[in-house]
Amino acid sequence: MVTLAFALLAAGSMVAGCQSQFAGLRLTIATGSSDGVYFQLGNKLADAWAGTLDIARPKVLETAGGPDDIQR
């Protein structure tokens, strides 16, 4: 039992000392029009990345479509 408690304590201290390599990262997702499927996908990705990567939620940017997305 003591060995298990020690192992849990050691694992917890290692995780607590880790910092995200993405801290401070700011992302923008260009998506096309707000009524399109890519805008919905962009918002889902922004939510997922913010939760998984421990970053601020990416900005989802409505654009005029493909060429505008690439330019931005």
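The values are calculated or read from the model by the stated rules, or taken from the named source; none is laboratory data. The structure displayed is predicted, hence computed values, not measured ones. The area values use the complete protein model at the heavy-atom level, side chains included, leaving out ligands, DNA and RNA. Shrake-Rupley method; radii C 1.70, N 1.55, O 1.52, S 1.80 Å.
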With every protein chain left in place, what is the accessible area of L25 in Å² (1.4 Å probe, nearest 10)?
-> 70
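Starting from the Cα-Cα distance between L45 and A64, subtract it from 0.36 nm times their residue separation and give me the gain in nm to one decimal.
That works out to 4.9 nm of additional length.
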Work out, step by step, the length gained on full extension between S33 and Q21: first 0.36 nm times the residue separation, then minus their alpha carbon distance; give nm to one decimal.
-> 1.1 nm
Segment 23-28 - phi-based ³J(HN,Hα) in whole Hz, Karplus 6.51/-1.76/1.60, Gly and Pro as x = 4, x, 6, 10, 10, 10
